Each structure stands twice: as structure tokens, then as C-alpha cells.
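What follows is a single structure, written as C-alpha cells, with notes after it.
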Amino acid sequence: TPVNNGLENPLDPSTYQSSTPDTAVLFLDSNAHGHLFAGISFAGIEYHIFRSVDNGESWTSISRDFPKDEEGDSPRLVAFAIDARGHLFAGTSLGYFRSADHGDSWTRTSSSYSADFLVAHEHGQLFAGTEFDGILHSADGGASWTPINKGLPRDEDGEVPGVFSLEIDSSGQLFAGT
């Protein structure tokens, strides 16, 4: 049974060759309250985070107050994480955003880096995998970021590889996929 009620495409189909512009699910996640979160790309130009509080029966966009880019489009969603306190983190093309109220409101925490992957650990620590900066660590909920690339392989120019997957195991050890 489909559970996509409310995941409506916000784009005007008359502006596209196809009557149904490409839609892609970028991420799915849930929190301890049973809320579901979905990051959706519509035709690669409009991005939204949706929340469901009823197991996918209905969805509400919770990212409409993100700032627009220079062209007036929503920022590209690239990463999402939920920490142990239930805070939501979104990595976008315009920086990092945090929500402490299940996505009802968002605060930009940093605009200095763009993440390709986010993982949250205890006590507000975040780790970001990036295409050009390796792994970044934030100990303050995303307000500031420090590269932690010791041990990563380097290319022939001494550059760190792109990191597109991260996981923290039960002992707290960080694993990176390059």
C-alpha cells in the first residue's frame, strides 16, 4: 500500500516536457517519537523535507522556510541526520540547518561547508562526509566544523578523497566510505 499521501509535487507541470517531473527520494529517517522524515527532490531543482506523524498516511513539508539560492530555488538537500536529543540536521547547498522542534522551525548553523553525508553522535557531535574536504567534525551542533582526516588515504596530489558514507558503531568508532 503506498504511503505517500501529501507528498505533492510543488512544481508546475506545464513548465516541463513531461507532465510528471522526475521525483527522487534522497533520504528517509525516523526519530524516537515515531515521526518519519523524507527528503525529496523534484526535477532536481526543488527540494523539500517532509514529515509524517502518522506512519506515512499524510506528509507535511517542513523546509519551506529555508532561504532560497541566487536563482530563487530552494537549497539542494544533500544530507540529513537526527541526534540522540531528537534534533534534526540538514546539510544543504547553502550550509547546515538545525531544528530542535521536529522540523517546525530551522536555524542556519553554518554556511562554511557542504556535506554529502551527515551522521549524529552523542552530545551534539556531528560528522560530515564531504566531496572535497574529507571528514568534518562538529562538537557544537553544527556551528563550527574541523577537518579530521588523519588516517584517510591521499591521492597522488596529497588530497583527501571524497567521503560519501559514514557510520558510527556501538563502540563509537567512525567508519568512512570513500
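FYI, it's all coordinate maths here, none of it is from the lab. The model shown is predicted, which means the values in this text are computed figures rather than measured ones. Neighbour counts are summed over all protein chains in view; Cβ atoms, including those assigned to glycine, are modelled from backbone coordinates with ideal geometry.
Some values worked out for this structure:
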{"read-out": "Under-5 Å amide H pairs with residue 92, H placed in peptide plane, nonlocal only", "value": "78, 97, 115"}
{"read-out": "Whole-angstrom Cα spans of segment 31-169 along principal axes, big to small", "value": "50, 36, 23"}
{"read-out": "Overall form of segment 132-178 per C-alpha gyration tensor (a/c, 1.5; a/b vs b/c)", "value": "oblate"}
{"read-out": "Coordinate range along principal axes, alpha carbons of segment 58-131, Å, largest first", "value": "37, 34, 20"}
{"read-out": "Approximate spin-label separation residue 54-residue 131, in nm, with each point projected 7 Å along Cα-to-Cβ", "value": "3.9 nm"}
{"read-out": "Pairwise label distance in nanometres, residue 173 with residue 85, each label 7 Å out on the Cα-Cβ vector", "value": "2.9 nm"}
{"read-out": "Amide H within-cut-off set for residue 62, under 5 Å, with H built and near neighbours excluded", "value": "49, 50, 51"}
{"read-out": "Given 16 as the ceiling on other Cβ atoms within 10 Å, longest exposed-site-free region of the chain for GluC sites (Glu not before Pro) in DSSP loops", "value": "72-130"}
